[in-house]
Amino acid sequence: MSVGRSVATQILFGGLTQLLVSLRGLIIMPIIVKTAGESVFGSYVLLSSIVVFAGGISAFGTDYTYRRSLPATDGARQRRDLMMPALAFRLVSVSVLAALLYAGGPALFGLMGESMPFSPAYLVLWLFGLMVHDYATTYYRYTNRFGIYNLLTIGQIYVHIGAAVALVFWGQGLDLDMLLLLQGGSLLALSFPTLVFGVFRETGLCIPRFDWPQFRADARLGLPLTGEFIVDFLVAFGDRYLVGLFLSMAAVGQYQSSYALAGLLAFFPKMLATVLPPPLCRLWDEGKHHEVEELVSQSLRLFLVLAIPFVVGALMAGPSVVALLTTPAMALAGRWAVALISAGMLFYGMVILLSGVAFVTRQTSVILTANVIAVIGNLGLNAALLPFYPDVTVPAAVSVVAYGLSFSYALYKIRPRLRIAFRWPSLLRSLLAAGVMGGGLFAFGYAPGALGPTQVGLVGLHISAAIVLYFGVFLLIGGLSAADRQALIGLIRQKSRSA
């Protein structure tokens, strides 16, 4: 199978996986809001961010070489020698962070002013679950076995959701402790057996041998990625902390409900960021830079063709969808937030794709600086505006500015190294088709910043019709070029011959 066909297959299944991952928030959100309330949901969001932050920084850059070099290895011994030093370091650092989290988690959470009681031991369980899940999925992802990777990724999510639904069905309340326990348990349920009986059985175990000068050099190379994670985390969750500080836990829940819906837009770039780095690393290392440029340009173009109508749809029908998932009061509180966050997600998605390019071209400092720009803009503007304008629309609008600046910087730094073409005629056709789609939604009874129809079947029918209208107009006015059509037809034929 050629690289192009292999990547296309991975994109197909990776897209389905990332879509199911993105739907997680929309599925679990109404379960929590309607059984435990807005404040419990807001508290759960903030606690989850604390655990994710601790897990994300725990490697401190020491696993960069492991991830970057794994696609080029073939033997079990090579893979084991790459993995074991990073894993040993990660185990020690996670243990230290777990002790700090156990001792200081309640106090840190209490800084928000209206804390809820919970057991910090469940945060520790969740943190170790994240580490195990990360090493199990990373190994299969970077050895190009995306079937197992996708299964682990989807499996832990829907084990978690299934357990929550079962508890509600059996009349068991979903308090904060139960939500934390379910999260940590679902991570370990599939990942731990896979790591022990899959990864370790394949590579074997050994006492890691540290070449300390090389280990420190590798860590310095990967440390900007840890810095990138920190600032990316602050961009993604910092506004929620400020909302909790200046407004309330209920306001955090209101903002998160809009964010969960708008965040669906990020599924496509996140999927590409999962699938593309291994083949892009190989192509770049083989000197096939033109193929890298083509893959990246096509990815950006496809994302924008999907993102533009999403933003328009969020503006028109977003409040109605949020009302269906939560309550009309929560939807009205964030009636402008869905569309604004969606616009921010458009820029965020392009930053994700460009960060993947920087990873491949070893420009890791670009990733860090782009996210520093975003976090300064996000936290600075929110801290300045929220005390005077206490409304969840403020952080939504700020996200557009912050991610727009971040994207502009990343594109400016990467373009001299890699040519990226946006193909503007196609994007202009997308804008026109999205405008026609918006007119169709207006005819169905939706308007910007207002609640339209809120019947489940009717909203689903209207959104489906809007999607068909957009793509129908887009194709009618030539949004898909002849070359694009030939490539798609060729791919379909190749698939049918190989089936």
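The values are calculated or read from the model by the stated rules, or taken from the named source; none is laboratory data. The structure presented is a predicted model; accordingly, all values stated were derived computationally and were not measured. Note that we place each Cβ from the backbone using ideal geometry, even for glycine, and neighbour counts take in every protein chain shown. Remember, those area values only see protein heavy atoms, side chains included, never the ligands or the DNA or RNA. Shrake-Rupley method; radii C 1.70, N 1.55, O 1.52, S 1.80 Å.
Structure summary
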{"read-out": "In Å², nearest 10: area of E291 left accessible to a 1.4 Å probe", "value": "90"}
{"read-out": "For the range 13-210, convex hull of alpha carbons as volume per residue, Å³", "value": "120"}
{"read-out": "Additional length obtainable on full extension of the chain from F60 to T35, 0.36 nm per residue less Cα span", "value": "5.2 nm"}
{"read-out": "Calculated [θ] (222 nm, deg cm²/dmol) that DSSP helices of n ≥ 4 give over the chain, each run adding -39,500 (n - 2.57)", "value": "-27500 deg cm²/dmol"}
{"read-out": "Net lengthening on full extension, A107/R201 (0.36 nm per residue, minus Cα-Cα)", "value": "29.7 nm"}
{"read-out": "Computed label-point distance, nm, for sites S464 and N144 using a 7 Å Cα→Cβ extension", "value": "3.9"}
{"read-out": "Non-local Lys pairs in the chain, i.e. 8 or more apart or on different chains, that have alpha carbons under 28 Å apart", "value": "5"}
{"read-out": "Added length on full extension, which subtracts the Cα-Cα distance from 0.36 nm per residue, R415 to L476", "value": "18.7 nm"}
{"read-out": "Separation of the A99 and R282 label points, Cα + 7 Å toward Cβ, nm", "value": "4.4"}
{"read-out": "Heavy-atom accessible area order for W284, W126, W336, W170, largest first, 1.4 Å probe", "value": "W170, W336, W284, W126"}
{"read-out": "Ellipsoid equivalent to the range 231-494 - semi-axes via the Cα gyration tensor, in Å", "value": "32, 27, 13"}
{"read-out": "With at most 16 other Cβ atoms within 10 Å, longest stretch of the chain clear of loop trypsin sites (Lys or Arg not before Pro) (DSSP)", "value": "1-144"}
{"read-out": "The chain: mean projected area of Cα convex hull, nm²", "value": "23.6"}
{"read-out": "In Å², nearest 10: area of S408 left accessible to a 1.4 Å probe", "value": "70"}
